[in-house]
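**Student:** The structure is given below, and queries will be raised subsequently.
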Amino acid sequence: MKTKTITLALAALTATSAINAQEATQPAHKTTFAKDKASAHWFLEIGDAATISLAGVNRNAAFGDRVSFLNPNLALGRWISPSFGMRLQLQGGKLYDFSRQLTVFPSGSPIVAYPRNEVSYGWAHLDFLWDVTNYFMPYRENRVFHFIPFLGIGGAYVPEVKTPVGTVERKKFSPTVDAGLQLKFRLSRVVDFNIEGKLTAADLKLPATAYDGERSGDFVGQVGASLTFHLGKKEFEPITPNDPALIASLNDEINRLRAENAELSKRPERCPDIVAPVVAAPKVVGNVIYFRINSATIDRNQVINVYNIAEYAKNNTETITLVGYADRETGTPDYNMSLSKRRAEAVADMLVNKFGISRDRLKLDWKGDTVQPYGENVWNRIVLMSAE
């Protein structure tokens, strides 16, 4: 009785682990991931972008004259989950902005010109990233391509504007909002290559948006490239919470056995030993292997039980019998028969491939839900092992 209690206690202790690791087989937004330290999943981005002012009279200037190619940026960010992250991006450089100049000659014929101004600027943005690829697909650390739209808020500062006739101090600050898209390509575990485009809106009162007494917001578009360097741990670990019903059932059985032991302890310490008749029966080896509902995957906290049967097989010569079962209250009889077969085969594969047991030493059987070894329904999602 004591041995039975200890065995069940160990099974309950194993089952009450906080989480069981598994391979992600469903979209990331439907998968639970292990909580990591705050130092994990950080990244650094370094790049450059070509910018163009879009608002006001800029549209009247030649396209090539409007593009500025030297606008370096630096960003530090962190992925909170495989699908959502944040980054703080700093960028500076110069924009080409055009003003409207009207010249009236004595003859009365007006000529409109658009002189180019060089606008020095710097801005900082806090962007919120959404990895659409990971959100709708199973998480894979080594996936080559990611589609990542983002939105952000921040601020911009213009210290001065160089005009054709001289430099004008500006010292203008404006809040900004931006939206964009990043296409990410994996180069290695720690380095990604990015192509990014975005649009930023501000109210810096640049020359192009101030004429004829009217004003409009300033819009800056940009396209650039960058490299991402992942700092520290990059991978997320998919997990599956344990089956609460299984844990509750094991705890109930342990409490029942404790009560039985308490009753037995009241009996006299010295009782005549009763010699039980010897019954030829298979020897039970190790513990049972428990499975989650509708699963034939061996959870990490059950591998120790497979290891125990492997150790027994290495030190003995009997044939090892593996019998798979499924609980009767879920699934159809045909499906449960197939599920119990896959469970038995999963244990056999681990014994052979992980622990080096010869397949000739193994005998497989499966009962589906035609046999229920335990009275508790959830206990019957198992593989039982014995030696003959």
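**Student:** Considering only residues that are within 12 Å of PRO27 (Cβ to Cβ) and not polar (S, T, N, Q), which ones fall in segment 132-153? Before the answer, list the steps.
**Tutor:** Going residue by residue through segment 132-153, those that are within 12 Å of PRO27 (Cβ to Cβ) are 132-140.
Listed by number, the residues that qualify are VAL132, TYR135, PHE136, MET137, PRO138, TYR139, ARG140.
Table: residues versus (1) more than 25 Å from PRO238 (Cβ to Cβ); (2) over 32 Å from the mean Cα position of the chain (by Cα); (3) surrounded by 15 or more Cβ atoms within 10 Å (Cβ to Cβ).
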site	(1), (2), (3)
ALA296	no, no, yes
VAL306	no, no, yes
THR332	yes, yes, no
ARG361	yes, yes, yes
LYS367	yes, yes, yes
GLU376	yes, yes, yes
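**Student:** Every residue in segment 117-143 that is at pLDDT below 95 and part of a loop (DSSP other than H, G, I, E, B), please.
**Tutor:** MET137, TYR139, ARG140, GLU141, ASN142, ARG143, listed by residue number.
**Student:** Identify, please: which residue in segment 57-100 is within 33 Å of the chain's Cα centre (by Cα) and aliphatic (A, V, I, L, M) and is, among those, farthest from LYS234 (Cα to Cα)?
**Tutor:** First, the residues of segment 57-100 that are within 33 Å of the chain's Cα centre (by Cα): 71-92.
Pick out the ones that are also aliphatic (A, V, I, L, M) and you get 74-76, 80, 86, 88, 90.
Details: LEU74: 20, ALA75: 17, LEU76: 14, ILE80: 11, MET86: 15, LEU88: 18, LEU90: 23 Å.
Residue satisfying both the conditions and the ranking: LEU90.
**Student:** Evaluate segment 147-161: report whether one residue or more is surrounded by 18 or more Cβ atoms within 10 Å (Cβ to Cβ), among the aliphatic types (A, V, I, L, M), touching a strand residue (DSSP E or B) at 6+ places or on another chain (Cβ under 9 Å) and over 18 Å from PRO72 (Cα atoms).
**Tutor:** Yes, there is a match, as at least one residue in segment 147-161 is surrounded by 18 or more Cβ atoms within 10 Å (Cβ to Cβ), among the aliphatic types (A, V, I, L, M), touching a strand residue (DSSP E or B) at 6+ places or on another chain (Cβ under 9 Å) and over 18 Å from PRO72 (Cα atoms).
**Student:** Now for a separate question. The conditions are (1) in a strand (DSSP E or B); (2) at pLDDT below 90; (3) hydrophobic (A, V, I, L, M, F, W, C), and VAL220 fails exactly one of them. Which is it?
**Tutor:** (2)
**Student:** In addition: Report every pair of residues separated by at least 6 positions or lying on different chains whose Cβ atoms are under 6 Å apart, first residue within segment 181-210 and touching a residue at least 12 places away in the same chain (Cβ under 8 Å), second assigned to a helix (DSSP H, G or I) and not hydrophobic (A, V, I, L, M, F, W, C).
**Tutor:** ALA208/GLY56; ALA208/ASN58; THR209/GLY56
**Student:** Any residue at all in segment 323-343 that is farther than 30 Å from ASP252 by Cβ, at pLDDT 90 or above, touching an Asp or Glu at 6+ places or on another chain (Cβ under 9 Å) and aliphatic (A, V, I, L, M)?
**Tutor:** Looking through segment 323-343, none of the residues is farther than 30 Å from ASP252 by Cβ, at pLDDT 90 or above, touching an Asp or Glu at 6+ places or on another chain (Cβ under 9 Å) and aliphatic (A, V, I, L, M).
**Student:** Quick one: would you say VAL383 is modelled with pLDDT under 90 and surrounded by 15 or more Cβ atoms within 10 Å (Cβ to Cβ)? Working first, answer last.
**Tutor:** Numbers: modelled with pLDDT under 90: no; surrounded by 15 or more Cβ atoms within 10 Å (Cβ to Cβ): yes.
Answer is no for this residue.
**Student:** Any idea which residue in segment 133-163 is nearest to ASN117 (Cα to Cα), counting only those that are aliphatic (A, V, I, L, M) and without any contact (Cβ under 8 Å) to a residue 40 or more places away in the chain? Full working, then the answer.
**Tutor:** Filtering segment 133-163 down to residues aliphatic (A, V, I, L, M) leaves 137, 144, 148, 151, 153, 156, 158, 161.
If we keep only those that are without any contact (Cβ under 8 Å) to a residue 40 or more places away in the chain as well, we get 148, 151, 153.
Working: ILE148: 34, LEU151: 29, ILE153: 26 Å.
Here the residue is ILE153.
**Student:** Something else about it: What number of residues within segment 78-96 are more than 29 Å from ASN117 (Cα to Cα) and crowded, with 20+ Cβ neighbours inside 10 Å?
**Tutor:** Initially, segment 78-96 is screened for residues more than 29 Å from ASN117 (Cα to Cα), giving 78-87.
Narrowing the set further to residues that are crowded, with 20+ Cβ neighbours inside 10 Å leaves 79, 82-83, 85, 87.
Going through segment 78-96 one residue at a time, the tally reaches 5.
The values are calculated or read from the model by the stated rules, or taken from the named source; none is laboratory data. From a predicted model like this one, the values you see are computed outputs, not experimental measurements. We place every Cβ from the backbone using ideal geometry, glycine too, and count neighbours over all the protein chains shown.
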